[in-house]
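The values are calculated or read from the model by the stated rules, or taken from the named source; none is laboratory data. Predicted, not measured: the structure shown is a model, and the values here were computed from it. Positions of Cβ are generated from backbone atoms using ideal geometry, with glycine treated the same way; all protein chains shown enter the neighbour counts. For accessibility, only protein heavy atoms count, side chains too; no ligands or nucleic acids. Shrake-Rupley method; radii C 1.70, N 1.55, O 1.52, S 1.80 Å.
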Amino acid sequence: MPIPMLATERLNLLGVTEADAEAYEHHFVDYEVIRHLSAEVPWPFPAGGVQAFIRDQIVPVQGQDRWVWGLHRKSVDGLIGTIDLRRYGERKNRGFWLGRAFWGHGYMTEAVIRVNDFAFDELGFERLIFANAVGNERSRNIKLRTGARLVGLTPGAFVDPGYTRQEIWELTKEQWVAWRQL
Ligand SMILES: CC(C)(COP(=O)(O)OP(=O)(O)OC[C@H]1O[C@@H](n2cnc3c(N)ncnc32)[C@H](O)[C@@H]1OP(=O)(O)O)[C@@H](O)C(=O)NCCC(=O)NCCS
């Protein structure tokens, strides 16, 4: 089912559809993006794999127990990354990636703030759990910047075999409300 569009100062977050496949593939199929992701993601990434992933794994569950938005700059057409929420993610309720050309501008932090609001205020989450590879400083910094608390270190398998451990983070509704009032 369609999911709501969320707006931030510079971005529109739009539910991912098959129409996004070309831009998604262009920015996503990059070892510097994919190496930080779970080892379940194939590498080398298969040709046509993005279209199939959107068709088979996003569209059928969109708005049910998974919400996957594309990040679109308000000023320019085209998806530049994604952010998603999962109701039943094992050790993980949120994921994100951004095309390398767009790192360093605060776009993902801006999207995270809006999506956290949506998770707690609209979807009724009481707690979100996040994970990232130990060493993925950019992802870790987003959690630090947005009020999450480090709660554990566990073994983890990522596309980059050099990553062997993951940090587990927690953000409760109470923490988020407090962070929002800072
Ligand atoms: C994780 C990822 C999305 C982070 O990208 P990012 O650009 O560092 O994050 P943001 O878009 O929030 O930008 C933050 C950076 O912009 C800077 N910035 C500039 N303007 C800003 C603003 N208005 N607000 C916040 N930050 C701003 C920040 O200082 C920060 O840079 P720094 O880390 O050098 O200090 C990106 O590195 C990525 O896609 N990595 C590969 C996939 C991945 O790791 N996914 C997560 C798996 S757990």
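Looking only at region 65-102, residues that are hydroxyl-bearing (Ser, Thr, Tyr) and open to solvent by 10 Å² or more (accessible area, probe 1.4 Å) come to 2 in all.
Select, from Pro2, Pro44, the only residue that is away from the ligand (no atom under 15 Å from the Cβ) and more than 25 Å from Glu126 (Cα to Cα).
Step by step, each of Pro2, Pro44 is checked, and only Pro44 is away from the ligand (no atom under 15 Å from the Cβ) and more than 25 Å from Glu126 (Cα to Cα).
Scanning region 103-118 for residues that are surrounded by 16 or more Cβ atoms within 10 Å (Cβ to Cβ) and more than 6 Å from the ligand (Cβ to nearest atom) gives Glu110, Ala111, Val112, Ile113, Arg114, Val115, Asn116, Phe118.
Residue-level check: of (1) under 28 Å from Pro161 (Cα atoms); (2) outside any strand (DSSP E or B), Gly70 misses just (2).
Taken together, the residues in region 119-139 that are among the hydrophobic types (A, V, I, L, M, F, W, C), over 18 Å from Val68 (Cα atoms) and crowded, with 19+ Cβ neighbours inside 10 Å amount to 1.
Please specify each residue of region 136-155 satisfying the condition of being of a type outside the set (Lys, Arg) and within 22 Å of Thr82 (Cα to Cα). Break it down into steps so the answer makes sense when it comes.
So the first thing to find is which residues in region 136-155 are of a type outside the set (Lys, Arg), and the list is 136-137, 139, 141-142, 144, 146-148, 150-155.
Once the filter is applied, which keeps residues that are of a type outside the set (Lys, Arg) and within 22 Å of Thr82 (Cα to Cα), region 136-155 yields Asn136, Glu137, Ser139, Asn141, Ile142, Leu144, Thr146, Gly147, Ala148.
A Cβ distance below 6 Å, combined with a sequence gap of six or more or placement on separate chains, defines the contacts here; from region 130-151, residues that are touching a residue at least 60 places away in the same chain (Cβ under 8 Å) and of a type in the set (Ser, Thr, Tyr) reach residues that are crowded, with 19+ Cβ neighbours inside 10 Å and part of a strand (DSSP E or B) in the pairs Ser139/Asn132. The listed residues are Thr8, Thr17, and the only one of them that is surrounded by 13 or more Cβ atoms within 10 Å (Cβ to Cβ), at pLDDT 95 or above, over 28 Å from Arg140 (Cβ atoms) and not acidic (Asp, Glu) turns out to be Thr17.
Applying the criterion of being in contact with a strand residue (DSSP E or B) (Cβ under 7 Å, 6 or more places away or on another chain) and among the aliphatic types (A, V, I, L, M) to the residues of region 38-64, the residue that is surrounded by the most Cβ atoms within 10 Å (Cβ to Cβ) is Ile58.
Of all the listed residues (Ala148, Ala178), the sole one being among the hydrophobic types (A, V, I, L, M, F, W, C), modelled with pLDDT of 95 or more and surrounded by 16 or more Cβ atoms within 10 Å (Cβ to Cβ) is Ala148.
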